[in-house]
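The values are calculated or read from the model by the stated rules, or taken from the named source; none is laboratory data. Being a predicted model, the structure only gives us computed values, none of them experimental. Note that we place each Cβ from the backbone using ideal geometry, even for glycine, and neighbour counts take in every protein chain shown. With ligands, DNA and RNA removed, areas are computed over all heavy atoms of the protein, side chains included. Shrake-Rupley method; radii C 1.70, N 1.55, O 1.52, S 1.80 Å.
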Amino acid sequence: MTLNPRIRLILIAAVTIVLLPVLNAAGQEANKKKAWYEQESAQQKLELTADQIARLAEVEEHYVPRLAALNHEKRTAHRNLITAFDAGVLSEEDFAAKKTRLEVAYGSHAALTGERWRALRSILTRTQWRNLPEAAPKALSLGQFGVSKRGGVYMGPGAKKTAPNPK
């Protein structure tokens, strides 16, 4: 049995109209990931108190949007420099200006990240701070780099742990 192309189109549109809100809701639910300090596993591993969780939330609400804006600036500065190289000859002055913009963006992001880490450190106890990289690996990230287990190289779960350099 073959359907008229018009009927087939109406059926496809009806199915799409019905499924679109369901798929959209599922996508939004997937985007509602809990912050590292809201996850039960991190709270239990670090033995966070309710007061600490509230203070951590304040710190993250203060720094995360600012860090996101600086991340955007880093990507934009990098993209502008690469685009200028792709376009052809780049004068020394233009290169210096674009390079400076990129360096400032990376430096600003690193400085703000350091401020955030100091704020987190002021809330956590010494033991909690030491265990933070294992309990919440993304809590101390710096762009694509992260502070990991102290005392050696630790590159995540299942990775080989090495002793610190004795020199």
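Can you spot a residue in the stretch 76-89 that is surrounded by 15 or more Cβ atoms within 10 Å (Cβ to Cβ) and within 30 Å of residue 132 (Cα to Cα)? No, because not a single residue in the stretch 76-89 is surrounded by 15 or more Cβ atoms within 10 Å (Cβ to Cβ) and within 30 Å of residue 132 (Cα to Cα).
How many residues are within 26 Å of residue 110 (Cβ to Cβ) and not β-branched (Val, Ile, Thr) when one looks only at the stretch 40-74? Here the count works out to 21. Tell me, please, whether a residue that is of a type outside the set (A, V, I, L, M, F, W, C) and closer than 15 Å to residue 141 by Cα can be found in the stretch 91-98. No - not one qualifying residue is present in the stretch 91-98. Among the residues of the stretch 30-43, some residue qualifies, meaning at least one is modelled with pLDDT of 90 or more, among the charged types (D, E, K, R) and open to solvent by 70 Å² or more (accessible area, probe 1.4 Å). Among the numbered conditions (1) part of a helix (DSSP H, G or I); (2) open to solvent by 60 Å² or more (accessible area, probe 1.4 Å); (3) β-branched (Val, Ile, Thr), the only one that residue 53 does not meet is (2). Considering the stretch 19-29, and only residues there that are open to solvent by 100 Å² or more (accessible area, probe 1.4 Å) and more than 30 Å from residue 52 (Cβ to Cβ), the residue that is modelled with the highest pLDDT turns out to be 20.
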